[in-house]
Amino acid sequence: MLIIFTFLASGACIAAESEEVNEIAEAKAKTKFDHIGLAVYYENEAKAMREKAKEQEKLLAEYKNHSEYYGREGLDFEAHHEALLRKYTKSAERNMEMAASHRKMVEKVK
């Protein structure tokens, strides 16, 4: 359990730093190439989130196929991975929205 919490805490710190860097990059984005770079960044993030969502789908399928192995903790396992699946799916959608937004900005900036 301690190892899992350590990874989760470090992941949260990295995500917070990434968001701060992104906000700075977005604030400084003025040229066409800045927006293209941000669009590519968001598209890559969306791809990574989709991959994580697929992994959660695999774990859920494994649970549903062999739920008898998990006992009472299986319900917590299922709820946890369903929540992660929703989180990653929503994050992928949001990243694609941001990428589309920056692609539109590219068209406006000359």
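How many of the residues in region 45-66 are among the polar types (S, T, N, Q) and within 10 Å of the chain's Cα centre (by Cα)?
Selection size over region 45-66: 0.
Report, ordered by the first and then the second residue, all pairs with beta carbons closer than 6 Å, sequence separation of six or more or different chains, a first member in region 36-57 that is within 15 Å of LYS104 (Cα to Cα), and a second member that is of a type in the set (Lys, Arg).
ALA39/ARG103
Filter region 56-97 for residues that are touching a helix residue (DSSP H, G or I) at 6+ places or on another chain (Cβ under 8 Å) and hydrophobic (A, V, I, L, M, F, W, C); which is farthest from ALA46 (Cα to Cα)?
PHE77
Restricting to region 20-56, give me the number of residues that are open to solvent by 100 Å² or more (accessible area, probe 1.4 Å) and either modelled with pLDDT of 90 or more or not hydrophobic (A, V, I, L, M, F, W, C) (or both).
Total satisfying the criteria: 8.
The rows are residues; the columns are (1) closer than 23 Å to GLY37 by Cα; (2) surrounded by fewer than 12 Cβ atoms within 10 Å (Cβ to Cβ).
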{"site": "LYS64", "(1), (2)": "no, yes"}
{"site": "TYR70", "(1), (2)": "no, no"}
{"site": "ASP76", "(1), (2)": "no, yes"}
{"site": "HIS81", "(1), (2)": "no, no"}
{"site": "SER91", "(1), (2)": "yes, no"}
{"site": "ARG94", "(1), (2)": "yes, no"}
{"site": "MET105", "(1), (2)": "yes, no"}
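When you go through SER91, SER101 one by one, which is the residue that is under 30 Å from LYS30 (Cα atoms), polar (S, T, N, Q), assigned to a helix (DSSP H, G or I) and at pLDDT 95 or above?
SER91
The values are calculated or read from the model by the stated rules, or taken from the named source; none is laboratory data. Treat the numbers as computed from the prediction; the structure is a model and nothing was measured. Here Cβ is always computed from backbone atoms with ideal geometry, including for glycine, and neighbour counts include all displayed protein chains. Heavy atoms of the whole protein, side chains included, go into the accessibility calculation; ligands, DNA and RNA do not. Shrake-Rupley method; radii C 1.70, N 1.55, O 1.52, S 1.80 Å.
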